[in-house]
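Contents: one structure, followed by commentary.
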Amino acid sequence: MVNVQLNLKAGNVPTKLYIYTTSGNLVYQEQLNYMKQQLTLNTSTWASGTYQRSLETKNETLTGKLTITH
């Protein structure tokens with residue numbers, strides 16, 4: 001399990017979270033509630049390594065890295 005802290009400054013704007021492998025395969029997606037500031041993901045079936053994360057609203061996209069170690 002991994003806890004992901006979200007810093008959503010968009011207010012009441014629909015936000016989507018996407019997580020991709022380094023080769024570009026989508027491994028997770030979720031439509032987020034703007035009130036949700038923390039998300040717990042079960043990553044036990046994911047390979048250890050670095051993943052790309054993308055938070056998208058209609059106005060902006062915030063990207064970053066997520067490292068999973070088991």
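Filtering region 31-60 to residues that are β-branched (V, I, T) and modelled with pLDDT of 90 or more leaves only T50. Across region 1-30, the qualifying residues are those that are farther than 24 Å from T67 by Cβ and surrounded by fewer than 11 Cβ atoms within 10 Å (Cβ to Cβ), and the one among them that is modelled with the highest pLDDT is N12. Residues that are of a type outside the set (V, I, T), modelled with pLDDT under 90 and surrounded by fewer than 11 Cβ atoms within 10 Å (Cβ to Cβ) within region 61-70 comprise just one, H70.
Close contacts from region 53-70, counting a first residue that is more than 23 Å from N42 (Cβ to Cβ) and a second that is open to solvent by 80 Å² or more (accessible area, probe 1.4 Å), with Cβ to Cβ under 7 Å and a gap of 6+ residues or different chains, come to T57/P14.
The values are calculated or read from the model by the stated rules, or taken from the named source; none is laboratory data. This one's a predicted model, so the numbers in the text were calculated from it and none came from an experiment. All Cβ positions, glycine included, derive from the backbone under ideal geometry; neighbour counts span all protein chains shown. Heavy atoms of the whole protein, side chains included, go into the accessibility calculation; ligands, DNA and RNA do not. Shrake-Rupley method; radii C 1.70, N 1.55, O 1.52, S 1.80 Å.
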